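Scroll down for the structure; my scribbles are underneath it.
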Amino acid sequence: MMGLNMVHSDQCRRSYHLAVTLLGTSILAGMPAPSFAQVQPAATPAAASATAPEAAAAPAPAAEAPPPPVMIQSISVVGMQRLEPDTIRSYIKLRYGQPYSQVNADQALKDLYATELFSDVQIRNENGNVVIEVKENPVVNRIVLEGNKRIKEEKITPEIKLAARQIFTRSKVRADVARIIELYKRQGRFAAVVEPKMVMLEQNRVDIVYEINEGPKSKVRQINILGNSEFSAKELRGQMVTKEARLTRFMSSGTSYDPDRMAFDQQKLRQFYLTKGYADFRVVSAVAELTPDKKDFILTYVIEEGKRYHFGPVTVDSQLRDFDGEKLAKQLPMKQGDWYNAKIVEDTIEKLNQTAGAFGYAFADVRPDYERNKDDLTMGVKFVIAEAPRVYVERIDINGNTLTQDKVVRREFRIAEGDAFNSLQVKRSTNRIKSLGYFQEKFEVEQKPGSAPDRIILEANVEEKPTGQLQLSAGFSSIENFIFQASVQQRNFRGRGQTVGLSGSYSKYSKSIEASFVEPYLFDRNVSLGIDIYRRDYNSFNFGLNNQRNNTYSQTTTGFQARLGIPLTEYVTAIASYTLNYDKISLDPNQYFSDRLTPGTPTCDPLFAGRYLCEALGNRLSSIIGLSLIRDTLDNRQHPTRGSLVSVSGDFAGLGGSVKYGRLRFNAARYFPLPKRFIFSLSAEGGIIKSFDSSGTLNADGTGTDDVRLTDRFYLGEPQMRGFDIRGIGPRILRKTYEDVNGDGVIGPDEFSTDRNRWVDDALGGKYYYQGRAELEIPLGSGAKELGIRPSIFADVGAVWGIRTPTTQDTGVGGTFLPTRDPSTGQSLYTQIDTATVVDNGDGTTSCTVTSSTVTSATNSNTLDCLPTGFTQGANSPLGSTVAFREFYQGNTWKPRLAVGVGFNWNSPFGPFRIDFAKTLLKREGDDTKSFTFNVGTQF
């Protein structure tokens, strides 16, 4: 058997064949086997001839009586190792006191071999003492797989029925080989070969080794379609799940041959033709031919398209009192004369059933009666709605919830016990229970007959899954470089549906810690309560020389937020909130402070920080009340495919505290499922903020500081707007240095650096913004879908604007001297001459030899014999450099920015991975573009 090397197999086979031969000979002879001992040798021909007359004359002697049968006196078993003699004797029909015959002995051999416990069996009759000599099959010590690379051992092992400590049998090995080969066939590897080997061990044990030659994956080289005239073969192949192997489909699993998929493709072809009106279409044959090299398959479909039909009369025959057949017929999507479409008929049946269910007819039966007229090629359809009783909910049963309390599930039902049945409410209840996230994904509310024909029982058979989550994640993004996050959360605390959580994050530019609690049903009322307590540290940055990020201001926010949510309708919720924040905005005094403007008192220097940053410094208390209206009809909040999400929120800061403003924001998103699993989405958002105090400044020339503080404004850029850098859109100040651009050796008043990497770029944000996005998610093959790969095409548009024009600075071509400062104290540094000695050079000239040091005092009390050039007696020389720049205010416009591109999402083994390639089509002066972004993280 396929190379299986079994010990004693030939001896076993000879014994078995001998027994069968003896049995057959006994039957053919018509007498018991012992009678052969009485047969005399045949006479020679001569002797026969000589005695013939004599024999003829003499009368025939009487037949000799057969000997009496031998009775079985004992049955002994020898050779067994594990089995008891009584166990072996129980497998046969030989018993003490019975007559022994070869027929019975042959049957005993068959019975013992049928147990598959023995490799060799012999039966001897020693004058009534029957001896059964057996050799037991060995015991399996272990199962070894060799050569399997494409299918892991953990997937093959469950298919192998032979296991360690079981009795070895050939039939089990054959069955295991067949199952392993079937596994490889499911993966399209029809050339796979499995060779079983047996390694004999001591104590009658064996190792079974399955040597696997996986072979190449059998692809579909070609798909032939014969008999098509109305549609091209290319169009028909596009309807199939199976695809021809091409280089562009290396990620697709549909290019491998699968008999089940081939049968499904026949149904897909039939569905396609039925939707086009070809009601007589049929697949005559479907043949898969394996190429001689066993590498590829060629599929051939022979079809008959038939004639194309129109809809004939379309009517509704309703036997339900609440449904008027004529009115329903007028609302049907198909009309007489339209091309026949079986899909529309199926959808109509489903909608009629849903409509009947919505009126309480849970067991309504809608059947289509077809009237095909081959003469005029019409297909009449009559939808028959059979009579059924209106059904009421007898009771609702919750099963399987071991931790979650019954009330947590029951409160999600949109229908109560005693109510009239409504299929739409049952479906909505199912979706709400799924959205809890406490139970298995494939959950449905089951409908079962009640105690009477007009009663129904709703069963929620749930299977709980873990709701606690401990997450540690680390990653790298183009926004914040290294990111580390940790969180612990329980979404079903004590089985009450409450959520408690603690989270923290750390990156180069931000740190945060937050504790949260959510009670979805406060005091068992349909009112939600949420509380967050947090501390957030954020370090803003700008882009300096050579595109280097420089930390600017630091914002530390400590506060809490309380929310109260009340559902207004099934899909609309109102959320009221109160937020109290204490913000501290500061700058590094060693980097941005000096006493240039206020001698002796270091203050924020606009020359270092910019005037807008200096004016934003300080501490403030924000007391904010908010109200949001949310309408949510999404089918899945994690990865929606249909539905919409619309929200309008307003915040008012000024209920106490030191900040007063009003802010209004709007968000909307809509998802559309398209044919062939494409998903198209549109989203839009916008906002406006207005200050209610006069914290800003206004100069005579119209410039100054805006009343809305820097940290309260809107910003736009990566990651919201792809194609632009972080905060790359909107009002900003660009500080450009004076340079000799034309190379004439003279720096003119309008000559500035043209290299953006040498500019200092400070985004200022805006009081108004809008953003829109259109995205098309492209489906891939099932293999890519299992890997979580989701490419998309997108277009982003948006703008942010509306602040008061800030006061800019211009040092002039001559520039401004910036002293070097002690990084630990912030004091200006000077070069001090400690000693100065006149030295005779010997050629009639002298020189001044000095020793110097760096100090923080502007005066020099040392007595010097001479002074180097640039030094004054009693004064030290300041250290520093001269900077020459002009600031430009740009980007404050409502005009749209537009970028298009492709995105790539992958749920990789390392965590979520996102890449975007974008091309900016519309930008405004000052905008900072970026064509490539990525983000990757991991969980462990």
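I'm spelling it out carefully: the read-out is P(r) over Cα pairs in 20 Å bins from 0, in percent, the candidates are [x] 13, 43, 32, 11, 2, 0; [y] 12, 38, 33, 14, 3, 0; [z] 9, 24, 26, 21, 11, 6, 2, 1, 0, and one was derived from this structure. Which label? Working out P(r) over Cα pairs in 20 Å bins from 0, in percent from the coordinates points to [z].
Taking 0.36 nm per residue of separation and subtracting the current Cα-Cα distance, fully stretching the chain between D419 and K149 would add 91.4 nm. Put simply, the amide H of W339, placed in the peptide plane, has neighbours under 5 Å in F311, leaving out anything fewer than 5 places away on its chain. For segment 587-658, the square roots of the Cα gyration tensor eigenvalues, ordered a ≥ b ≥ c, give a/c of at least 1.5 with a/b greater than b/c, which places it in the prolate category. Take the alpha carbon atoms of segment 324-365, find their center, do the same for segment 680-718, and report the distance between the two centers in whole angstrom. For segment 324-365 versus segment 680-718, the Cα centre distance is 54 Å. For K217, the aspartates and glutamates whose Cα falls under 16 Å of its own Cα, not counting residues fewer than eight places away in the same chain, are E182, E244, D258, E289, D293, D296. The packing ranking, built from the mean of other Cβ atoms within 10 Å per residue, places the peptides 428-439, 87-98 in the order 428-439, 87-98, highest first.
Of the chymotrypsin sites (Phe, Trp or Tyr not before Pro) found in segment 673-706, those that fall in a DSSP loop while having at most 14 other beta-carbon atoms within 10 Å are F678, F692. Among the listed pairs K161/K442; K676/K895; K327/K407; K427/K676; K584/K736, those with a Cα-Cα distance over 32 Å are K676/K895; K327/K407. Annotation for R124 and Q354: the two label points, set 7 Å from Cα along the Cα-Cβ direction, are 8.2 nm apart. For E446 and D406, the FRET efficiency from 1/(1 + (r/R0)^6), where r spans their Cβ atoms and R0 equals 22 Å, is about 0.85. Here the calculated FRET efficiency for T300 and Q166, from their Cβ-Cβ distance with R0 = 60 Å, stands at 0.85, rounded to the nearest 0.05.
Evaluated with a Cβ-only charge set (Lys, Arg +1; Asp, Glu -1), segment 734-838 carries a dipole of roughly 560 debye about its Cα centre, given to the nearest 20. Probing with 1.4 Å while keeping every protein chain in the model, the per residue accessible area of the chain equals 54 Å². Cross-link partners of K135 among lysines, defined as those whose alpha carbon lies under 21 angstrom from its own and excluding same-chain residues fewer than eight positions apart: K93, K110, K172, K197.
With a cut-off of 13 Å between beta carbons, the residues surrounding A574 carry a summed charge of +1, where Lys and Arg count +1 and Asp and Glu -1. Roughly how many Å is it from the Cα centre of segment 824-840 to that of segment 82-151, as a whole number? That distance is 109 Å. Other residues within the sphere of radius under 15 Å centred on the Cβ of A178, judged by their own Cβ, net out at +4 (K and R +1, D and E -1). Given a 1.4 Å probe and every protein chain left where it sits, what share in percent of the accessible area of the chain is carbon and sulfur? That share works out to 54 percent.
When the C-alpha to C-alpha distance is required to be over 21 Å, the pairs from K268/K351; K767/K923; K343/K382; K276/K307 that qualify are K268/K351. Measuring between alpha carbons in the structure, the pairs from K149/K434; K152/K295; K149/K243 lying more than 30 angstrom apart are K149/K434. Subtracting the Cα-Cα distance of Q73 and R142 from 0.36 nm times their residue separation leaves 20.6 nm of extension gain.
Between K690 and T845, the contour length at 0.36 nm per residue exceeds the Cα-Cα span by 48.4 nm. Between R642 and Q827, the modelled label-to-label distance comes to 7.5 nm, taking each label 7 Å out from Cα in the direction of the beta carbon. Specify whether the C-alpha gyration tensor of segment 669-763 places it in the rounded, prolate or oblate class, a ≥ b ≥ c being the square roots of the eigenvalues: rounded for a/c under 1.5, otherwise prolate if a/b is larger than b/c and oblate if not. Oblate is the answer for segment 669-763, as a/c is 1.5 or above yet b/c matches or exceeds a/b. Across the options L607, T856, I747, the greatest Cα extent toward the positive end of the charge dipole of the chain (unit charges at beta carbon of Lys, Arg, Asp, Glu) belongs to L607. Within the shell of other residues whose beta carbon sits under 9 angstrom from the beta carbon of T557, the net charge comes to +1, with Lys and Arg scored +1 and Asp and Glu -1. Spin-label model, V527 to A263: label points 7 Å out along the Cα-to-beta-carbon direction sit 5.9 nm apart. Label zone (V572, point 7 Å along Cα-to-C-beta; backbone nitrogen cut-off 20 Å) within segment 592-636: 626-635. Evaluating 6.51 cos²θ - 1.76 cosθ + 1.60 at θ = phi - 60° for every residue in segment 186-201, the Karplus couplings come out as 5, 8, x, 9, 7, 8, 5, 10, 10, 10, x, 10, 10, 10, 6, 10 Hz, glycine and proline recorded as x. If R0 is taken as 22 Å, the Cβ-Cβ distance between L201 and E159 corresponds to a FRET efficiency of 0.35.
For segment 628-661 versus segment 173-248, the spacing of their alpha-carbon centroids is 53 Å. A Cβ-based charge dipole, computed about the Cα centre of segment 236-303 with Lys and Arg at +1 and Asp and Glu at -1, lands at about 240 debye.
The values are calculated or read from the model by the stated rules, or taken from the named source; none is laboratory data. The shown structure was predicted, so the numbers you read here are calculated from the model rather than taken from an experiment. Ideal geometry is used to build each Cβ from the backbone, glycine not excepted, and the neighbour counts take in all protein chains shown. Side chains included, ligands, DNA and RNA excluded: accessible areas come from the protein's heavy atoms. Shrake-Rupley method; radii C 1.70, N 1.55, O 1.52, S 1.80 Å.
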